[in-house]
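Chemist: Got a structure here, written out as structure tokens. Questions coming.
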Amino acid sequence: MAHRVGIVGASGYGGAELVRLLEAHPQLDLEVVAAHAQAGQPVASLYPNLPGDRVFDDVDLGRLTGLDLVFLATPHGPSLQLGAALRKAGTRVVDLSGAYRLAARDFSRWYGEEHPAPELTPDPGQPGAAGDGDDTAQRAVYGLPELFREQISGAGFVANPGCYPSAALLALAPIADRLQPGSVIIDGKSGTSGAGRAVADRLHFSHVHADLTAYAAPAHRHTGEIETWLPGDLGAVSFTPHLIPMSRGLLTTAYGTVADGTSAADVQAALHAAYDDEPFVHVLAAGTFPHTKALAGSNGAHVSAVLDERVGRVVVTCAIDNLGKGAAGQALQNANLMLGLEETTALTSLGVYP
Ligand SMILES: NC(=O)c1ccc[n+]([C@@H]2O[C@H](COP(=O)([O-])OP(=O)(O)OC[C@H]3O[C@@H](n4cnc5c(N)ncnc54)[C@H](OP(=O)(O)O)[C@@H]3O)[C@@H](O)[C@H]2O)c1
């Protein structure tokens, strides 16, 4: 029997990518494609790659709570409210925003506001820990399946990781126990779809085209997320994102000082041990570097590491599609796990290249 699902924020980039993926899912019926300002508009009027008769729905909580699972592809403000309301009604939720990725105290620090539902925020000490035994009070699970698959499977509430943290954590987690605390620096670069569909001055073609710039350093919200979910205790990390003149794609380059005695072979072995059985993460041969374009439209991640023995630092790069493994693809991977379906269902397409 098919599961009935809906999307809130279907008119945004992440939501529309979910519509594209869900149209091909054999076990999920997409019943609601809700939007805010765009409610009532034909989906195809905004997304010509999604032909058909669908029209963006209004956000109707009563209708949403009748579904088996709802994806929230909304800014963190609406997600804070909708996530709590849907969970109260017992509806499964995958939230693509940053509303439930951090413990309440860390959320206040990085988002500058009190969390309205601290009891639903994740507990990084016990990812996946239940609240008071009531399923609807279960804390959100951080939805990076390669680290927390067991906790995500069957969970009611999953906080989908941010796009930069997805790539940075996939790059660093396997070798975290070999890195010296305080030594990690991450450089991230994302295409403009990472900023969403809303019009903004800095995203105009004439501003972005043939340009490259950093932004939001040193306090981008994803810094706190990376520090929270990086295994072990590596302390503070430095993270600087950059805006790149391309539509899709994200690359992180992470640097860290390795413990004495760590060899290039140790680093390769750690990456292969972590990912050789993973369906979506591929380790490239040392000296081969990931291309964002190779992942376009897919849920894949390409990881590659080199050890700079001269300075004792490892350099790990990871490329993803920010709308794929960085958002909608990963959200669907999580939903498959939550509903007990094959994890890779409707996600096996390889990237489009060139
Ligand atoms: N873009 C990425 O690469 C990416 C990656 C990872 C995570 N995320 C996160 O995913 C979420 C969606 O991102 P996006 O890039 O898809 O954003 P977006 O393109 O700006 O879309 C936002 C969506 O939220 C809807 N919305 C806005 N206010 C709402 C409200 N009060 N109630 C209900 N719906 C509302 C919008 O509807 P209308 O357009 O109809 O007003 C639109 O569908 C964000 O939290 C973002 O941080 C994005």
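The values are calculated or read from the model by the stated rules, or taken from the named source; none is laboratory data. If you're wondering where the values come from, they're calculated on a predicted model, not measured in any experiment. Positions of Cβ are generated from backbone atoms using ideal geometry, with glycine treated the same way; all protein chains shown enter the neighbour counts.
Chemist: Would you confirm whether any residue within the range 169-183 is in a helix (DSSP H, G or I) and within 16 Å of the ligand (Cβ to nearest atom)? Walk me through how you get there before you give the answer.
Modeler: Initial filter on the range 169-183 (in a helix (DSSP H, G or I)): 169-178.
Applying the additional criterion that residues be within 16 Å of the ligand (Cβ to nearest atom) yields 169-170.
Yes: the range 169-183 contains one or more residues that are in a helix (DSSP H, G or I) and within 16 Å of the ligand (Cβ to nearest atom).
Chemist: A further question follows. Any idea which of 106, 53 is away from the ligand (no atom under 15 Å from the Cβ), surrounded by 15 or more Cβ atoms within 10 Å (Cβ to Cβ) and either of a type in the set (Lys, Arg) or assigned by TED's automatic domain parsing to the domain that holds residue 34 (or both)?
Modeler: 106
Chemist: A further question on this structure: Can you pull out every residue in the range 85-102 that is crowded, with 18+ Cβ neighbours inside 10 Å and not basic (Lys, Arg)?
Modeler: Across the range 85-102, the qualifying residues are 86, 91, 93, 94, 95, 96, 97, 98, 99, 100, 102.
Chemist: Given (1) in a loop (DSSP other than H, G, I, E, B); (2) within 28 Å of residue 197 (Cα to Cα), where does residue 310 come up short, assuming only one miss?
Modeler: (2)
Chemist: Quick check: anything in the range 214-221 of a type in the set (Lys, Arg) and either in a loop (DSSP other than H, G, I, E, B) or over 21 Å from residue 323 (Cβ atoms) (or both)?
Modeler: The answer is no, given that none of the residues of the range 214-221 is of a type in the set (Lys, Arg) and either in a loop (DSSP other than H, G, I, E, B) or over 21 Å from residue 323 (Cβ atoms) (or both).
Chemist: Being at pLDDT 95 or above, surrounded by fewer than 21 Cβ atoms within 10 Å (Cβ to Cβ) and touching a strand residue (DSSP E or B) at 6+ places or on another chain (Cβ under 9 Å) is the filter here; which residues of the range 279-297 pass it?
Modeler: Hits for the range 279-297 are 282, 284, 288, 289, 291, 293, 294.
Chemist: Related question: Among all residue pairs at least 6 apart or on different chains, which show Cβ distances below 7 Å where the first residue, located in the range 169-187, is in the same structural domain as residue 242 (by TED's automatic domain parsing) and the second is in a loop (DSSP other than H, G, I, E, B) and hydroxyl-bearing (Ser, Thr, Tyr)?
Modeler: That search, which allows pairs on different chains as well, returns 178/262.
Chemist: Could you list, in sequence order, all residues of the range 135-150 that are within 19 Å of residue 175 (Cβ to Cβ) and of a type in the set (Asp, Glu)?
Modeler: If the condition is that a residue be within 19 Å of residue 175 (Cβ to Cβ) and of a type in the set (Asp, Glu), then 146 is the only one that fits.
Chemist: Contact list please: Cβ distance under 7 Å, first residue in the range 27-51 and in contact (Cβ under 8 Å) with a residue 60 or more places away in the chain, second residue part of a strand (DSSP E or B), pairs at least six apart or on different chains.
Modeler: Partner pairs satisfying both residue conditions: 27/3; 28/3; 28/5.
Chemist: Given the residues 198, 210, which is the only one that is among the small types (Gly, Ala, Ser), within 16 Å of the ligand (Cβ to nearest atom), outside any helix (DSSP H, G or I) and not assigned by TED's automatic domain parsing to the domain that holds residue 14?
Modeler: Numbers: 210 fails: within 16 Å of the ligand (Cβ to nearest atom).
Residue meeting the stated conditions: 198.
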